[in-house]
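Any read-out appearing in this document is the output of simple, stated calculations on the displayed coordinates, not a laboratory observation. Source: prediction; values computed, not measured. Cβ coordinates were reconstructed from backbone atoms using ideal geometry, including for glycine residues, and neighbour counts include every protein chain displayed.
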Amino acid sequence: MENVATLDVPVSNFLTGFVQKKGVEKMLRTIRRYLGMDVAFISNFRDDMRLFVTVDAQSTPPIQSGSSLPIDDGYCMKVVNGSLPRLIVDAAAHPVARELPATAAIPIGSHLSVPIRLESGEVYGTLCCFSYKPDFSLGERDLRILSAFAEVIAERLDENMSAARERNTQAAEIQNVMAGGAPRIVYQPIFEVRSGCIAGVECLSRFDAQPARSPDAWFRNAVQVGMGVDLEMHCIAKAIDALASLPQNAFIALNASPETIMSGRLLPVLEPLDLRRIVLEVTEHATVSDYDKLEDELAALRAGGIQLAVDDAGAGYASMRHILHLKPEVIKLDMSLTSGIDHDLGKRALARGLISFAKEIGTQITAEGVETQAELDLLTYLGVDKVQGYLLGRPVSLQEVFAGRPGGAFDAAMRP
């Protein structure tokens, strides 16, 4: 008997989606029409069941995509184990086929079926065609054509099986990281330019776990495996614990993607807190598919006093769309704009324009990524409201942020 592929459920589900969405339906239709059959389908063997992954038919078929039947019923497994031949021109005349309930019930006149064999040698399922009436014109050439298509499908499945298993590995890594208490939350101080005091802190994630990856890579991988919102909410839940330890006049800034905001999971977590002390940062790079929905989800939070910041402004074209649609209370100048601004006339002109625009619409400007005294001096001259960066304070523990005199780092940087 043939070895049947024993795929775990997530991999099998991923491959089912691949078969349905990657143009295999068109291939199936081509096969059915070329062979002059009434129904063509791809089956997937799962334990003691066969799943009809995708079905193509000339009219309403007797089986539907997504339906399943016991694996021992019907033709598929019997073809795979050799109880039935791969080509049957008249099912009623074949002694084994004639006794199968499906032969008379459907009815099945002629039948072609070949295994879909993976690179491992295991059988994923079958590629099948049948007609309601016998077809004596069918021959070995038609069977070879069906076998060739089955090989193409198997090659694509093998390629995507590798990707599916990699996705599962990445998902397990993310789950293990969260279960182990990672990431570690660090806090970068944000200074008020006018007073020189710490106005708040941005909460940032640091992953000390293996495999070693940057925070961006961990979040990117989470998005790729459908766990982006889970990881963001996990980080936010850890970050907000800092609010109770901050001075009453200080805020925390939380990074949240549009997907997390629109998931509906943010409000229940933040609503019990003093929302007036929270700034929600939406990155410029994040794609917003539905601004109306995003604004609706933000409405309750903003009604409670939460402030919205558009992060990374000046790093790309999307920032102005975010600003115009969302009308944030804060615009954050990206490090790519602030870095070297003291000797780059283009950056200086763009920053001046954004600052002027912000003043016109009543929005504050925070410059991030400030690393040199010259950058700080120029940004202060241009009129930014708040600043953050390595010159003033690196991301550290909350205790280290407020160690010593509040505003001391800023005061030192401002000395002549």
Considering only the chain, percent of DSSP beta bridges that pair antiparallel, nearest 5: 65 percent
Label-point separation, V96 to H325 (7 Å along Cα→Cβ), nm: 5.9 nm
Cα centroid separation - the range 240-300 against the range 350-375, whole Å: 22 Å
Listed residues A358, G181, L243: farthest to the positive end of the dipole of the chain (Cβ charges): A358
Estimated distance in nm for a label pair at S67 and V152, the labels positioned 7 Å out from Cα along Cα-to-Cβ: 2.7 nm
Two-site label geometry, Q224 and T60: point separation in nm, points 7 Å out along Cα→Cβ: 4.5 nm
Size of charge dipole - the chain - debye, nearest 20, with Cβ of Lys, Arg +1 and Asp, Glu -1, no other charges: 380 debye
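Using Cβ counts within 10 Å as a stand-in for footprinting exposure, how do T60, T363, T260 rank, fewest first? Mind showing how you got there, number by number?
Values: T60 6, T363 20, T260 24.
The fewest-first ordering by Cβ neighbours comes to T60, T363, T260.
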Degrees between helix 24-35 axis and first principal axis of the chain (Cα, 0 to 90, nearest 10): 20 degrees
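With 10 angstrom as the radius, rank R32, R352, R277 by how many other C-beta atoms surround their C-beta, starting from the fewest.
By the 10 Å Cβ count, ascending: R352, R277, R32.
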Ellipticity estimate at 222 nm from DSSP helix runs (n ≥ 4, -39,500 (n - 2.57)) divided over the chain, nearest 500: -12500 deg cm²/dmol
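Report the FRET efficiency, 1/(1 + (r/R0)^6), for S336 and N249, where r is their Cβ-Cβ distance and R0 is 45 Å, rounded to 0.05.
Here the calculated transfer efficiency is 0.90.
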Using alpha-carbon coordinates, inclination of helix 140-179 to the longest axis of the chain, degrees: 30 degrees
Rg and Dmax of the chain, Cα atoms only, in Å: 30.7, 101
Degrees separating the helix 9-21 axis from the principal Cα axis of the chain, which is the longest one: 80 degrees
Two-site FRET efficiency, A172 against D274, from Cβ-Cβ distance with R₀ of 51 Å, rounded to 0.05: 0.85
Which of S43, S319 has the fewest Cβ neighbours within 10 Å, and the rest in rising order: S319, S43
Centre separation in Å (Cα based) which lies between the range 164-202 and the range 99-147: 54 Å
Estimated translational D of the range 73-144 in µm²/s (Stokes, Kirkwood radius over Cα pairs; 20 °C; 1.002 mPa s): 173 µm²/s
